[in-house]
Amino acid sequence: MKSLPASLMLALFGCGPAIGHNDSTLAAPGTYLITAEQIEKSGAVSAWQILREKAPMLTMREDRNGRPASMSRRGQSSFVLDEAPMIMLDGVRVPDFHALESIDARSIFTILIYDGVEGTTYYGPMRRAAWL
């Protein structure tokens with residue numbers, strides 16, 4: 001059975017811009033885009049592996065068995081806000097970042113990451129967001 005392409009979105013919330021330089025001319029200001037071509041070239045098997053390799057604004061830690069242990073925003077943080085990004089897959093919230101390990105990388109069309117300011121603007125100050 002062939003899987004349909006999915007769009008993954010991540011929104012980061014916090015104290016300011018978290019996005020590094022993005023070479024894509026398709027990405028709007030305040031966003032970071034990972035394209036299907038980049039995903040394919042990465043050789044990643046899961047969404048977790050793609051983000052670990054291609055998303056410099058995220059800190060992703062694994063346990064000693066290589067399984068996802070934590071995911072947070074790199075850089076300035078807030079003691080008020082939860083630093084874990086909110087994850088959305090085709091517009092539906094994914095409540096647990098551990099699910100990224102089971103999402104097949106080949107099924108992802110794009111990954112869009114909103115920085116702290118944009119994420120807060122679109123999703124509110126106390127929410128977390130990410131889109132595949």
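Below, the figures for the structure above:
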{"read-out": "Efficiency of FRET between LYS41 and GLU101 - r from beta-carbon atoms, R0 30 angstrom, step 0.05", "value": "0.90"}
{"read-out": "Long-range HN-HN contacts of ILE103 with modeled amide H, under 5 Å", "value": "ALA47, TRP48"}
{"read-out": "Interchain or long-range residues, amide H under 5 Å from ILE87's placed H", "value": "VAL94, ALA130"}
{"read-out": "Label-point separation in nm, LEU33 to GLU62, each point 7 Å along Cα→Cβ", "value": "2.9"}
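Any read-out appearing in this document is the output of simple, stated calculations on the displayed coordinates, not a laboratory observation. This one's a predicted model, so the numbers in the text were calculated from it and none came from an experiment. No Cβ is skipped: glycine too gets one built from the backbone with ideal geometry, and neighbour counts run over all protein chains shown.
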